[in-house]
Amino acid sequence: MTEGDAILVLHFNNDFMARLHDRSEKTSSRRVVWSFGKALIQSMARLSENLQTQTAPHEIKAITGVTWFKTHGDKVGFESHPLPAGWRRKLLHWHFRLLLLALFPQLQAHQNGQLVPHQFWLTPAQLHNNVEGERSHVAQRFS
């Protein structure tokens, strides 16, 4: 990448997670996690399709975001690195702890020590390969 390249920054949909949480009172937390995973894969597929049909080829050079999920991105085709130490990492750590407590209290005690904010990176081609290509095993599992 070079200076001036277009980068797509993803943000988490808090309203969606709140709706899933509301449903969790009627179902198990495993069902909520499964529903979240399925919705994530579907969102990735829609994003990949939109990037292919609504942007000029190679207009978007990379896709990035910050996550609190365990770092296993290399298994599904993207890079993930811990955020550098500093105020942003500390604030996000506490934000993620509050989300975990509110949404998955049964996991809160076990997962608090593992909540390290990570920034992930992938190219549109990697995204496409994750949802439709030879590396789409995760997408196939949730679809």
Pick from the stretch 23-43, criterion modelled with pLDDT of 70 or more and open to solvent by less than 40 Å² (accessible area, probe 1.4 Å), ranking: farthest from LEU10 (Cα to Cα): VAL32
With the condition kept exactly as written, say whether any residue in the stretch 103-121 is modelled with pLDDT of 80 or more and exposed (fewer than 14 other Cβ atoms within 10 Å of the Cβ). no
On the given criteria, is GLU79 in contact with a strand residue (DSSP E or B) (Cβ under 8 Å, 6 or more places away or on another chain), surrounded by 11 or more Cβ atoms within 10 Å (Cβ to Cβ), modelled with pLDDT of 85 or more and not polar (S, T, N, Q)? no
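The values are calculated or read from the model by the stated rules, or taken from the named source; none is laboratory data. These numbers come from a predicted model, not from an experiment. Counting neighbours? That spans all protein chains shown, and the Cβs are built from the backbone with ideal geometry, glycine included. Note: areas computed on protein heavy atoms with side chains; ligands, DNA, RNA excluded. Shrake-Rupley method; radii C 1.70, N 1.55, O 1.52, S 1.80 Å.
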